[in-house]
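Let me begin by presenting the structure, written as structure tokens, before commenting on it.
The values are calculated or read from the model by the stated rules, or taken from the named source; none is laboratory data. These figures come from a predicted structure and were not determined experimentally. Cβ: placed from backbone, ideal geometry, glycine included. Neighbour counts: every protein chain shown.
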Ligand SMILES: Cc1cc2nc3c(=O)[nH]c(=O)nc-3n(C[C@H](O)[C@H](O)[C@H](O)COP(=O)(O)OP(=O)(O)OC[C@H]3O[C@@H](n4cnc5c(N)ncnc54)[C@H](O)[C@@H]3O)c2cc1C
């Protein structure tokens with residue numbers, strides 16, 4: 001079917017980040033689904049710094065036909081073709097507590113973790129969109145009007161005064177999601193009377209401070225090679241985490257710290273993220289801005305007394321464009337969907353970055369939604385039940401991974417004190433949760449359900 005003929009579904013994706021573009025890419029393969037992507041920024045782009053892609057989203061990239069492109073971007077491309085089957089270390093933990101680096105544990109996983117530059121990864125997704133997927137920049141959604149009946153459209157309202165309509169609205173608009181705010185307020189308004197359920201819905205609307213503030217930048221590998229040719233990071237070219245504990249004399253605030261560095265841009269750049277944790281204000285509303293310029297001099301002061309290997313990396317951050325991020329999270333929501341409106345990615349479940357799962361989970365949401373929208377049985381009238389099913393499947397997985405990530409944060413910051421053996425065992429157990437279910441199998445189960453409920457043969461599905 002041609003893109004301009006009568007579609008089975010008109011999908012509006014609000015937000016052109018990793019999650020929104022993954023959904024747009026997958027749906028671009030379905031001829032009778034029309035897609036519009038509305039992005040608030042004046043151009044579709046990502047800011048710098050790296051993201052880690054574990055095996056779970058990598059399996060999805062393989063299904064989407066993008067795995068080779070993503071591997072080609074990685075800072076740590078696998079050495080051999082068969083590496084996906086191998087179990088090996090991909091994350092080294094070192095303690096810098098004593099002023100000397102001490103190796104603590106090597107986390108292992110099947111196939112390892114790919115580490116990529118966010119902007120390069122985002123540009124890859126954007127470049128894969130065909131011309132018939134319409135993308136609209138400078139379109140900040142400010143509100144939407146839900147449909148008045150089963151088959152009337154949803155009206156979208158943008159900050160430039162313009163409007164558009166769609167059959168399904170996907171809120172892929174990140175942690176500050178406008179769609180989440182409206183959706184939860186609508187659900188709360190429909191609660192019979194003010195009570196526990198209504199309070200829970202309204203409390204889930206604003207993001208909450210996670211207790212973590214991160215300073216992120218990228219440094220050229222050459223810079224570290226010149227400053228410290230013997231640095232252990234240079235030998236390994238793997239992900240390195242260094243944790244330490246603040247001197248107990250600062251007992252009133254107990255600000256814990258860690259930093260992580262990993263290779264991106266085919267190994268030419270090192271992504272560095274230095275984090276300071278203070279859980280005393282966790283769960284509160286943090287004033288904006290959440291992103292601001294970072295200061296290398298301030299970092300030097302934070303890391304006074306650390307092992308030389310850690311300070312070498314901090315000194316290489318001088319002169320680089322450092323961003324300070326106040327990391328917020330979205331509390332577990334009661335649902336990701338209401339009628340024909342649905343949330344994905346950070347809009348639904350922004351989590352702490354300790355597990356490196358946020359972007360992968362946005363990709364997974366998008367993959368599952370695309371599978372559901374692609375099925376010929378999925379139409380405007382069946383959409384509310386389809387989206388309820390999506391929510392039933394995705395909510396428990398993402399809630400569990402968010403809790404797993406939060407526990408890792410408490411272990412890294414040494415708020416949970418563990419012996420060296422316990423540390424290794426628990427960290428490995430928590431990372432292994434990422435591999436517990438196979439999202440491709442999950443998607444296949446959903447297709448089988450839809451086939452059964454509609455009497456559709458497998459060969460009829462897109
Ligand atoms: C410090 C830090 C480190 C991280 N490290 C990792 C990591 O190593 N691995 C990992 O997997 N994840 C990591 N994450 C998480 C990851 O960045 C997010 O989970 C991921 O970007 C979510 O993608 P998304 O598409 O849902 O949202 P976003 O990437 O936030 O995209 C949302 C898009 O919506 C647009 N938008 C917003 N409001 C509107 C509106 N009203 N109308 C239209 N458009 C709108 C925005 O401009 C943006 O383009 C990290 C996060 C942080 C803060």
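Of note:
- The stretch 411-447, residues that are in a helix (DSSP H, G or I) and over 30 Å from residue 367 (Cβ atoms): 420, 421, 422, 423, 424, 425
- Residue within the stretch 117-128 that is in a loop (DSSP other than H, G, I, E, B), under 27 Å from residue 52 (Cα atoms) and at pLDDT 95 or above present: yes
- For the stretch 362-388, the set of residues classified as surrounded by fewer than 20 Cβ atoms within 10 Å (Cβ to Cβ) and touching a helix residue (DSSP H, G or I) at 6+ places or on another chain (Cβ under 7 Å) consists of 376, 377, listed by residue number.
- Qualifying residue in the stretch 353-363 (condition: more than 8 Å from the ligand (Cβ to nearest atom) and in a loop (DSSP other than H, G, I, E, B)): no
- Residue-level analysis places residue 199 among those that are surrounded by fewer than 17 Cβ atoms within 10 Å (Cβ to Cβ), at pLDDT 75 or above and either over 28 Å from the mean Cα position of the chain (by Cα) or assigned by TED's automatic domain parsing to the domain that holds residue 174 (or both).
- Test set (1) within 14 Å of the ligand (Cβ to nearest atom); (2) part of a loop (DSSP other than H, G, I, E, B); (3) touching a helix residue (DSSP H, G or I) at 6+ places or on another chain (Cβ under 6 Å) - residue 205 fails condition number: (1)
- Checked against the criterion of being at pLDDT 95 or above and under 23 Å from the mean Cα position of the chain (by Cα), the candidates 107, 157, 139 yield just one match: 139.
- Restricting the stretch 41-80 to residues that are within 11 Å of the ligand (Cβ to nearest atom), surrounded by fewer than 20 Cβ atoms within 10 Å (Cβ to Cβ) and closer than 18 Å to residue 118 by Cβ, the residue that is modelled with the highest pLDDT is 41.
- Listed by first and then second residue, the pairs with beta-carbon distance under 6 Å, at least 6 apart or on different chains, first residue in the stretch 34-48 and closer than 24 Å to residue 167 by Cα and touching a residue at least 12 places away in the same chain (Cβ under 8 Å), second assigned to a strand (DSSP E or B) and near the ligand (Cβ under 7 Å from one of its atoms), are 38/14.
- Residue in the stretch 336-349 that is part of a loop (DSSP other than H, G, I, E, B), away from the ligand (no atom under 16 Å from the Cβ) and at pLDDT 90 or above present: yes
- Flag for residue 33 being touching a strand residue (DSSP E or B) at 6+ places or on another chain (Cβ under 9 Å), under 28 Å from residue 142 (Cα atoms) and modelled with pLDDT of 90 or more: yes
- Test: residue in the stretch 103-113 that is touching a helix residue (DSSP H, G or I) at 6+ places or on another chain (Cβ under 8 Å), within 16 Å of the ligand (Cβ to nearest atom), more than 30 Å from residue 434 (Cβ to Cβ) and not in a loop (DSSP other than H, G, I, E, B): no
- Residue within the stretch 153-163 that is away from the ligand (no atom under 13 Å from the Cβ), touching a strand residue (DSSP E or B) at 6+ places or on another chain (Cβ under 6 Å), farther than 23 Å from residue 18 by Cα and touching a residue at least 12 places away in the same chain (Cβ under 8 Å) present: yes
- Residues in the stretch 449-460 that are loosely packed, with under 12 Cβ neighbours inside 10 Å and assigned to a helix (DSSP H, G or I): 452, 458, 459.
- Residues located in the stretch 130-147, provided they are outside any strand (DSSP E or B) and more than 14 Å from the ligand (Cβ to nearest atom): 130, 131, 132, 133, 146, 147
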